[in-house]
Amino acid sequence: MHVHAGAWWLWALGLATAASRTGNPLLLALLVAVAGYVVVVCRTDAPWSRSYGAFLKLGIAVVVIRLVFAIALGSPVPGTHVLLTLPRIPLPHWAQGVRIGGPVTAEGLVFAAYDGVRLAALLSCVGAANALAHPARLLKSLPGALYEAGVAVVVAMTFAPNLVADVQRLCAARRLRGRADTGITALLQVGLPVLEGALERSVALAAAMDARGYGRTAEVPCAVRRLTAALTMGGLLGVCAGTYGLLAAEGAGLGLPVLLLGVTASLAGLWLGGRRSIRTRYRPDRWGARAWLVSGSGVAVGALTIWAAALDPRALTPPAVPLTAPVLPLWPAGALLVGLVPALLPRGDAR
């Protein structure tokens, strides 16, 4: 029995919220380990379930690029521990505030590394959601008002899993033929067929959805259409403003009620908009007790991390100046371990 795809995405979004609220590299590393362990235990044998490793490699590349930019372009964080001094390239007067070269400080590198690790943790959460729940399954559970946009989103979100599957298939074929599957030459020879194949499979999925009647609409009164548009647009703006308030350093107290109001308006708009969509579901995914456990664990991780950041912001975001070693706070680390709940489910049911 499968866990609902929406539950996996809620779980991943909860972990991503926790990653956005902390800059402590120890907590971020623990978060990546939690997401990776759940993926290893709960993923299926489908091709898209192998995409998590690609997202981890992308996260490592992001950290390296962030450090390279900090070395070449400098850092906004002042530092006293100069590691090396690069030749500085003079720039015109209209480029004031931007520099290329100059002193490279340990504080600047630490600040850049913290930012890079945070973004890498966010990418790992998205990769975990892609590996555990295929977007096509999530599309079946979307409200009728979002089906047109959902088809486009599925085409975009299935591109990365299909890309990883095609890379593995073509590399295996090259090894069977005795050709190298690593290096620049192999990458250039594999790149074009991989991109073409992944895009063709995503577009074929969209064409299959359209052939089965996705996007058919029914006639509704003009007043209902206007009310639906107003509720949906206002609700989405409220969700964006409330989410920004929760993720920002300040404004969490005002962000929660705005977020709840936006979600309520959006749900009302989606319910009214669903009346214009004529469709049926074949074997719809059930939202059962396991889905509540999976999604609830992710929401709990995000909520507890937000609370911890409000109580002790220094522990969750260690400063780069003065230069100090990060310390692992115990109870925020325990809150992150709540995300392991999906891995504790029986294997035959958690998948």
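In the assembled protein chains, SER297 presents an accessible area of approximately 10 Å² (probe radius 1.4 Å). Taking only protein heavy atoms and a 1.4 Å probe, the accessible area of segment 286-351 is 71% carbon and sulfur.
Positive contributions from Lys and Arg (+1) and negative ones from Asp and Glu (-1), summed over other residues with Cβ under 14 Å from the Cβ of VAL32, come out at +2.
Computed with a 1.4 Å probe on the full set of protein chains, the accessible area for ILE100 sits at about 60 Å². Within the shell of other residues whose beta carbon sits under 15 angstrom from the beta carbon of ARG118, the net charge comes to +1, with Lys and Arg scored +1 and Asp and Glu -1. Packing order of peptides 328-334, 108-114, 257-263, highest average first: 108-114, 257-263, 328-334 (average count of other Cβ atoms within 10 Å over each peptide's residues).
For segment 1-41, the equivalent ellipsoid derived from the alpha-carbon gyration tensor has semi-axes of 22, 13, 4 Å in decreasing order. Taking a ≥ b ≥ c as the square roots of the eigenvalues of the Cα gyration tensor, an a/c ratio of 1.5 or more together with a/b larger than b/c marks segment 1-88 as prolate.
The values are calculated or read from the model by the stated rules, or taken from the named source; none is laboratory data. Computed from a predicted model, the values in this text were never measured in an experiment. Here Cβ is always computed from backbone atoms with ideal geometry, including for glycine, and neighbour counts include all displayed protein chains. Just so you know, the surface numbers come from the protein's heavy atoms only, side chains and all, with ligands and any DNA or RNA stripped out. Shrake-Rupley method; radii C 1.70, N 1.55, O 1.52, S 1.80 Å.
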